[in-house]
Structures are given as structure tokens and as C-alpha cells.
1. Condition first: surrounded by fewer than 17 Cβ atoms within 10 Å (Cβ to Cβ), without any contact (Cβ under 8 Å) to a residue 24 or more places away in the chain and under 24 Å from the mean Cα position of the chain (by Cα). Now tell me which residues in the range 323-350 satisfy that.
2. All but one of (1) touching a residue at least 24 places away in the same chain (Cβ under 8 Å); (2) surrounded by 14 or more Cβ atoms within 10 Å (Cβ to Cβ); (3) under 24 Å from residue 249 (Cα atoms); (4) over 16 Å from the mean Cα position of the chain (by Cα) hold for residue 168, so report the exception by its number.
3. Can you give me the number of residues within the range 307-322 that are buried (at least 17 other Cβ atoms within 10 Å of the Cβ), assigned to a strand (DSSP E or B) and free of Cβ contacts under 8 Å to residues at least 60 places away in the same chain?
4. Test of understanding: among 330, 336, 299, which residue is outside the structural domain of residue 133 (by TED's automatic domain parsing) and more than 29 Å from residue 180 (Cα to Cα)?
5. Within the range 280-292, track down each residue that is buried (at least 21 other Cβ atoms within 10 Å of the Cβ) and in a strand (DSSP E or B).
6. Would you mind listing the strands (runs of 3 or more DSSP E) fully within the range 1-120 where at least 3 residues are surrounded by fewer than 15 Cβ atoms within 10 Å (Cβ to Cβ) and either outside the structural domain of residue 205 (by TED's automatic domain parsing) or in contact with a helix residue (DSSP H, G or I) (Cβ under 7 Å, 6 or more places away or on another chain) (or both)?
7. Do you know which residues across the range 151-178 are part of a strand (DSSP E or B) and more than 19 Å from residue 215 (Cα to Cα)?
């Protein structure tokens, strides 16, 4: 095999597929990426059996061939080459030579037949969505998945499509994040639990351009994302997702609107008094047209008032400040509305149309004087 590829194209391709290469595995061949130049195109593949990525890059194929190269070493070599054209040559013994200007590397490749390629999956009835919309809806929910291995469903996001509505849900036992977007086309109902790891890597690859689309294919055990010159195949989390609708309520005793930036800045100042690992809650005391936010820790105490617009009863309730901040960061509106029932019941942050809903469980607290 002999290829000539612009360094920037090669680096982009290798970085993309390397996101599917495991750091440690008992199958050393999976620590490689595949370079396949047999069909008139240069195809790169990475696969850890749960997540696989293939991408096509531009370049000249002077001699067709295929090779598996150790991903980490190859990526570092390409990254540090001069910004020029790169020549990649292989021989029948898998020896691979990489040349760029005055730099020349020789590394040993692996037999490509040992490499486990992406599963052959029929791509039918795809769902089309803009890269921007998909990247945003994942960003606005991914923070509330759980890394608890005891419940695998919590380690993924629930994709639910009904007609032209695409809903994404995540939860970790302390909070729930829900986002809905509306697509330009309508589709048959479909749903899947997609691993958080796959979605995190997908976000890194998507350009997020509004005029570029992603086509999503749902299969029994896999979900496929196809965009630009790249295909990502992720194994799904099996089983039923949680009955989210049963956890949601529109009832409230207290409702108040608050400037989002002022609220976030206030919480940020309060957490200056919290040491790392200390789980001190912020206490919110809602009275009349004022919300008082308080915190008390071993470092000291803090108290601040913010003007609000309130309906309903006065209430004092405590929250994990991180959970509040995570939700507020991904809301674009200048004002947010919080709905409360009592100090022991969940708080809801949502818009009127419920295109976003963030449920946060309160925490017990000791009253700050």
C-alpha cells in the first residue's frame, strides 16, 4: 500500500476514529485503527465492540492495500509531523513507513484480518436532524446520566421519537433532564437507550453546523449516526427505560421567575465557601417578591437576596448547588421559572411549552441563622 495524504486530513480522520479505540483491552487488535485503501477511497476505522467509528478522508492511492496500526502511536506521530503531505507505505510483512518532509518513521503494523470491523447493518428509514440540534439536545441533558454500573439504563440517554417530536431524557437518581425538539419531517415511533459514552464522543465529532444534517438509524441492538464522511455505530443499552411520565407533575404550591444569570452568579458565590467533597446545600428561602439564598459551611456563611416574581406560598428548601448550576447553564432564556410543592418534593425548572424540564430532588438542611 502507498498513500499520499494531506497532514490535516489524515490527522482529522485519525483523531475521529481513535475516539472508538479502547485504552486497555484484552484484545490488543482493538487498540489499532484500520486503514483500508482497497476500494478507491481511504477508509479509517476504530472499534471497541460497543462503539465503532469509520470515516473517509481524501488522498491519493498510488498502491491499494489495507493495514492495522496501533492507534496511540500512529496518532502521536501524525500529530507531530510537519504541516505537509504525508506518505504512508506498507510491505507484505506489515512494516509501515511514514514520511513527511525530512521526517521518516518505521513502525510495525498488524494483520488486518485480525481486526474486527464494524457490524454490517441495514440502514433503513433514517431520521434526519440538524447537527446543531442534535449536539445541543445532547449537551443539554448529558450531565445528568449516572456512572453507576448497577443500573445500566441510567448510564445512557433515552431517545424517543413520536411523529415529528424528538425527546431526549437522562436521569441519575437525584435529577431528571428532558429536552424536546421538533424536526422538519415526521417519522414512525421509535426509541432506544444510547450509552452516554457514545454520545459524549459523538458531541466531540459533530461540527454542530445548523445547515448540516445527521441521519440516525435505529436497529434492534445498534444505533447508527451518519454525517459528513463519518459513520458512528453504537451498541444500545438493552432493557426498558424508566416510566418518566409517572415522575413528572404539573402541580405546584409555589412558582417564581428569576433572572438566570443573577441566580447562577449567586450560587457561584455561595459555593466559594464549600470545600471539595463537602456536600453542603444551598438554602433557598422564597418570600413575597424576594428570594434569599443562604449557605453555611465550616469555612463560613453567606447570604444574598435576589428580586423575583412569585405566585403562591412562601417556602424554604435546600438543593445540591451543582445540580442547580448544571441545569441553569444549559438553559438559554434570560429568565427561568421554578415550580415547588414543599421542602421534600422535587423542584421543576421548565418553560411554558415544556420543551425543557429539569427535575431536581431537594436535600435536607440545617437552618442558617
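1. Hit for the range 323-350 is 332, nothing else.
2. Against the list (1) touching a residue at least 24 places away in the same chain (Cβ under 8 Å); (2) surrounded by 14 or more Cβ atoms within 10 Å (Cβ to Cβ); (3) under 24 Å from residue 249 (Cα atoms); (4) over 16 Å from the mean Cα position of the chain (by Cα), residue 168 comes up short only on (4).
3. 4
4. The unique qualifying residue is 299.
5. Result: 282, 283, 284, 286, 291.
6. 60-63, 103-108
7. Matches in the range 151-178: 156, 169, 170, 171, 175, 176, 177, 178.
The values are calculated or read from the model by the stated rules, or taken from the named source; none is laboratory data. On a predicted model such as this, the values are computed, not experimentally measured, just so you know. In this analysis, Cβ positions are derived from the backbone assuming ideal geometry, glycine residues included, and neighbour counts consider all displayed protein chains.
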